[in-house]
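The structure appears right after this line, and notes come after that.
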Amino acid sequence: MMSSLTIDFFHDVVCCWCFNISSRMRSLAAEFDLTVQHKTFVLQASRAEMAQRWGSPEKARETILGHWSVCRNVSDQPDQVDIEAMRSAPFDYPHGMTAALGCKAAERLGGQTAHWDMFDRLQRAHLSEARNIADPDTVIQAARTLELDIPAFIGQLEDPSTLKAVEADRQQARRLQVQSVPTLIVRETGARLVNGPRDDLAAQLRTALRSVA
């Protein structure tokens, strides 16, 4: 019987590099029969943390959209990264906590599959539609498009234990010395996949499979 791998995927909805790798990992999960465990890793969790990290909303937007430009150049879906729309968006560049809570709320209703679907839907809202994913209404609308039970979803979104689950992922990240996103860790070997094109990721997975065969 072929060995299987579990990948711990640490990500933040606001991260364009996570967008690139999520679609690749969906394809690879099907090819290699991977189990992907999604972990929220919020880089900045509030407007105060955004200000502390970037200095001002204007500087945050300018710097982060520079990252978007580099990311779009190596994306499999460059047309889905709308830099100019976010540049002109009428709100400060969002922190990732509200979206992380949305991903965890979805997970509580529908498991890891729902978490991944919510993550991808919110990334499209952020990167393609220039919507404010720090606004709970945006997150609730994403849940509606995924046909989740909205009253149940809102209940989970507002439940303090959902925030504790997000913080538990953050604590696990610290224990594993995760410092950036995306981080993908092969649970069986401890190896960290190097972000890159799909073929490079596939080669790394084949190496990991050989080591556990």
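Ignoring ligands, DNA and RNA, what percent of the accessible area of the chain is carbon or sulfur (1.4 Å)? Walk me through the intermediate numbers first.
Numbers: 4990 of 10200 Å².
The nonpolar share, carbon plus sulfur, comes to 49 percent.
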Note the full-extension length gain between residue 91 and residue 4 as 0.36 nm times their separation in residues minus their Cα-Cα distance, in nm to one decimal.
26.9 nm
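With r defined as the distance between the Cβ atoms of residue 82 and residue 159 and R0 fixed at 35 Å, what FRET efficiency is calculated, to the nearest 0.05?
0.60
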Result for the stretch 75-194: accessible area per residue, probe 1.4 angstrom, in square angstrom, of 47
Could you go through the stretch 196-213 in sequence order and give the Karplus-derived ³J(HN,Hα) for each residue, using 6.51 cos²θ - 1.76 cosθ + 1.60 with θ = phi - 60°, rounded to whole Hz, and x for Gly and Pro?
x, x, 4, 4, 5, 5, 4, 4, 5, 5, 5, 4, 4, 5, 4, 6, 10, 5
Taking the Cβ-Cβ separation of residue 210 and residue 74 as r and a Förster radius of 25 Å, what is the calculated FRET efficiency to the nearest 0.05?
0.35
Of the DSSP beta bridges with both residues in the chain, give the percent that are antiparallel, rounding to the nearest 5.
45
Isolated cysteines for the chain, Cβ-Cβ cutoff 4.7 Å, are 103
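For the stretch 106-213, run through the GluC sites (Glu not before Pro) and keep only the ones in DSSP coil with at most 12 other Cβ atoms within 10 Å of their Cβ.
147
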Measuring from centroid to centroid over Cα atoms, what is the spacing of the stretch 89-149 and the stretch 179-211 in Å?
26
Amide proton proximity set for residue 36, modelled H, under 5 Å, gap of 5+:
7
Taking θ as phi - 60°, what are the ³J(HN,Hα) couplings along the stretch 129-135 by the Karplus curve (6.51, -1.76, 1.60), each to the nearest whole Hz, with x for Gly and Pro?
10, 6, 9, 8, 7, 7, 8
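The values are calculated or read from the model by the stated rules, or taken from the named source; none is laboratory data. Model, not experiment: these values are computed from the prediction. Every residue, glycine as well, gets a Cβ built from its backbone with ideal geometry; the counts of neighbours run over all protein chains shown. All accessible areas refer to the heavy atoms of the entire protein, side chains included, with ligands and DNA or RNA removed. Shrake-Rupley method; radii C 1.70, N 1.55, O 1.52, S 1.80 Å.
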